Amino acid sequence: MALDPETRDQLIGSVARFVREELVPIEDEVARNDRVPDAVIAQMRELGLFGLSIPVEYGGLGLTMEEEVLVCFELGKTSPAFRSVIGTNVGIGSQGIVMFGNAQQKDEWLPRIASGEVVASFCLTEPGAGSDAASLKTLAIRDGGHYVVNGTKRYITNAARAGMFTLMARTNPGNKGAGGISAFIVPSNLPGITVGRPERKMGQQGAHIHDVIFEDCCVPADLMLGREGEGFKVAMQVLDRGRIHIAAVCVGVAERLIADSVRYALEREQFGQKIAEFQLIQAMLADSKTEAYAARCMVLDAARKRDAGEPVAMEASCAKLYASEMVGRVADRAVQIYGGSGYVTDYGVERFYRDVRIFRLYEGTSEVQKLVIAKNMLRSAQ
Ligand code: COS
């Protein structure tokens, strides 16, 4: 159920204040140290950020999708590495349980995920299965009361801190497609799980991705999420939701960069006047504003449709595609407006430029979003 408007505004106000007062001042330090301080993570727990999307009866804030994207617009106004700390608990790590878990699974896991005591992580991608997620090769073979899991998952966010993985694995090796895949809750302390070193990457320092290797890892059969053979659908529905969330973060980052660009254009003088007075600068600001506004409207519309119970695979992909491409253009214009200062590290703009590149890749590349959009269009026309 939606919050009353006053409570909602209070929540968004306190997230905005937290971002402004606690996170923005340490963006540079986090990037340099490649680490979000434990004290900040503790503050995130206190604010309830790990449980934004977890139902109230399990200790979360139980936000609607619309409320969640409003929070993401604020969280986006700082380094996206901070959002990543809570991202898997709010989104892809937990939502399989929220949507498909049975009562026992929900009771066992959701309260601890909501509080941030347990970090939830999502294991779909493999070395040979990225965009073609249905071709994944990790096997989970039934043996009495267990499934024996073998395989490697790749680029898994928050894996080193995870207390549980939402794992997609092939339970029917005879079916090489989507129908052979099942989803599981896998406690990270089971024997047979190794987490690899953090990958070195282009941006979002402070957020970490790893390989997760399963070797004869025995997962109790009652930890299957949903029915056998339905794991791909679990993953896709989790991603439908995740894509709206990521699109909202892109809007937040774009709004931050636009605000910074406006401030800089009003300070910086060249040719005897503020650069904001040049129409070529104004055109860049106007393009960024228009695109960010369009993305904001798309995200809100997709979120409201999801809250109304409508299928939103297509809208989620439209929003993710547009918002992630949009924030890339906005970041590029921000560097251009800052000029040489945009290229050096002191101003932080080049950091955002690198940070936003991943939005066009994870939770489905732009090309995958186009496939999903076109598939849905063609299906509904038949
Ligand atoms: N909700 C529910 N079911 C869905 C669904 C959705 N959003 N999308 C697909 N399905 C179902 C389909 O209905 C189909 O079921 P049936 O066989 O019963 O009809 C099944 O899943 C397979 O769907 P499809 O044929 O569309 O699968 P494809 O192998 O063609 O894959 C894409 C489709 C490319 C869209 C999918 O693999 C994908 O999203 N890839 C990107 C993965 C990704 O985002 N990775 C990032 C990892 S998280 S950082």
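Given an 8 Å cut-off on Cα distances and at least 6 residues of separation, report the relative contact order of the stretch 5-115 as a percent.
32 percent
Please go through the stretch 200-229 and write out the trypsin sites (Lys or Arg not before Pro) that DSSP classes as loop and that have at most 14 other C-beta atoms within 10 Å.
Working: sites: Arg200, Lys201, Arg227; in loops: Arg200, Lys201, Arg227.
Of the trypsin sites (Lys or Arg not before Pro), the ones in loops of the stretch 200-229 whose Cβ has at most 14 other Cβ atoms within 10 Å are Arg200, Arg227.
Might you report the magnitude of the Cβ-based charge dipole of the chain about its Cα centre, with Lys and Arg at +1 and Asp and Glu at -1, to the nearest 20 debye?
Values: 43 positive and 48 negative charges, 193 e Å.
Its charge dipole is roughly 920 debye.
Using only Cα atoms, tell me the angle between helix 80-90 and the longest principal axis of the chain; keep it within 0 to 90° and round to the nearest 10.
Approximately 30 degrees, to the nearest ten.
What is the gain in length, in nm to one decimal, between His146 and Cys218 on full extension, counting 0.36 nm per residue of separation less the C-alpha to C-alpha distance?
Values: separation 72, 0.36 × 72 = 25.92 nm, distance 0.58 nm.
This chain segment gains 25.3 nm when fully extended.
Please compute the contact order of the chain in relative form: average sequence separation of alpha-carbon pairs under 8 Å and at least six residues apart, divided by the residue count, as a percent. Please list the in-between numbers first.
Details: 721 pairs, mean separation 60.2, N = 382.
Relative contact order, the chain: 16 percent.
Can you tell me the length gained on complete extension of the stretch Val24 to Phe271, counting 0.36 nm per residue apart and subtracting the Cα distance? Show your work: numbers first, answer last.
On the way: separation 247, 0.36 × 247 = 88.92 nm, distance 3.19 nm.
Length gained between Val24 and Phe271: 85.7 nm.
When the dipole is taken about the Cα centre of the stretch 5-115, and only Lys, Arg (+1) and Asp, Glu (-1) are charged at their Cβ, what size is it in debye, to the nearest 20?
Numbers: 10 positive and 17 negative charges, 36 e Å.
Dipole size: approximately 180 debye.
Taking the dipole about the Cα centre of the chain, with the C-beta of Lys and Arg at +1 and of Asp and Glu at -1, give me whichever of Ala207, Ala276, Met168 is farthest to the positive side.
Met168
Report the Cα centroid-to-centroid distance between the stretch 244-269 and the stretch 193-208 in angstrom, as an integer.
26 Å
Between the alpha-carbon centers of the stretch 110-161 and the stretch 287-354, tell me the distance in whole angstrom.
29 Å
Beta carbons within 10 angstrom, averaged per residue: use that to sort the peptides 341-349, 111-119, highest first. Mind showing how you got there, number by number?
Working: 341-349: 15.6, 111-119: 21.2.
Ranked from most to least packed, the peptides come out as 111-119, 341-349.
Note down the net charge around Val30, summing +1 for each Lys or Arg and -1 for each Asp or Glu among other residues with Cβ under 13 Å from its Cβ. Write out the running numbers ahead of the final one.
On the way: positive: Arg32, Arg35, Arg83, Arg351; negative: Glu22, Glu27, Asp28, Glu29, Asp34, Asp38, Asp355.
The answer is -3.
Hey, what angle do you get for helix 5-18 against the long axis of the chain, alpha-carbon based, 0 to 90 degrees rounded to 10?
Computed tilt is about 70 degrees.
Once Lys and Arg get +1 and Asp and Glu get -1 on their Cβ, which of Val186, Ala221, Pro198 lies farthest toward the positive end of the dipole of the stretch 173-224?
Working it through, the farthest residue towards the positive pole turns out to be Pro198.
On the protein heavy atoms, probe 1.4 angstrom, tell me the percent of accessible surface of the chain carried by carbon and sulfur.
53 percent
Could you check which residue among Pro127, Pro55, Pro80 shows the biggest mean-square fluctuation in a GNM of the chain with a 10 Å Cα cutoff?
It is Pro127.
Just going by the charge dipole of the stretch 233-381, with Lys and Arg at +1 and Asp and Glu at -1 on Cβ, which of Val234, Gln369, Ser288 is farthest out on the positive end?
Val234
If you place +1 on the Cβ of every Lys and Arg and -1 on the Cβ of every Asp and Glu, how big does the dipole about the Cα centre of the stretch 329-382 come out, in debye to the nearest 20?
Numbers: 9 positive and 6 negative charges, 64 e Å.
It works out to roughly 300 debye.
Using the Cβ atoms and a cut-off under 15 Å, what net charge is assigned to the surroundings of Gly62, where Lys and Arg are +1 and Asp and Glu are -1?
Values: positive: Arg8, Lys106, Arg241, Arg306; negative: Asp4, Glu57, Glu66, Glu67, Glu68, Asp307.
Summing Lys and Arg as +1 and Asp and Glu as -1 gives -2.
With the other protein chains left in place, how much accessible area per residue, in square angstrom, belongs to the chain at a 1.4 angstrom probe?
Working: 16940 Å² over 382 residues.
In whole numbers, the chain has 44 Å² accessible per residue.
Please give the helix 313-338 orientation as an angle from the longest Cα principal axis of the chain, in degrees from 0 to 90, rounded to the nearest 10.
Approximately 40 degrees, to the nearest ten.
Given the -39500 (n - 2.57) contribution per DSSP H run of 4+ residues, what per-residue ellipticity at 222 nm results for the chain, rounded to the nearest 500 deg cm²/dmol? All intermediate terms of the calculation are to be shown ahead of the outcome.
On the way: 13 runs with 191 residues, N = 382.
Helix-only estimate at 222 nm: -16500 deg cm²/dmol.
The values are calculated or read from the model by the stated rules, or taken from the named source; none is laboratory data. Nothing here was measured: the structure is a model prediction, and the numbers come from that model. Glycine also receives a Cβ, built like all others from the backbone with ideal geometry; neighbour counts cover every protein chain displayed. The protein model used for the area step is the full one, side chains on, heavy atoms only, and it has no ligands, DNA or RNA in it. Shrake-Rupley method; radii C 1.70, N 1.55, O 1.52, S 1.80 Å.
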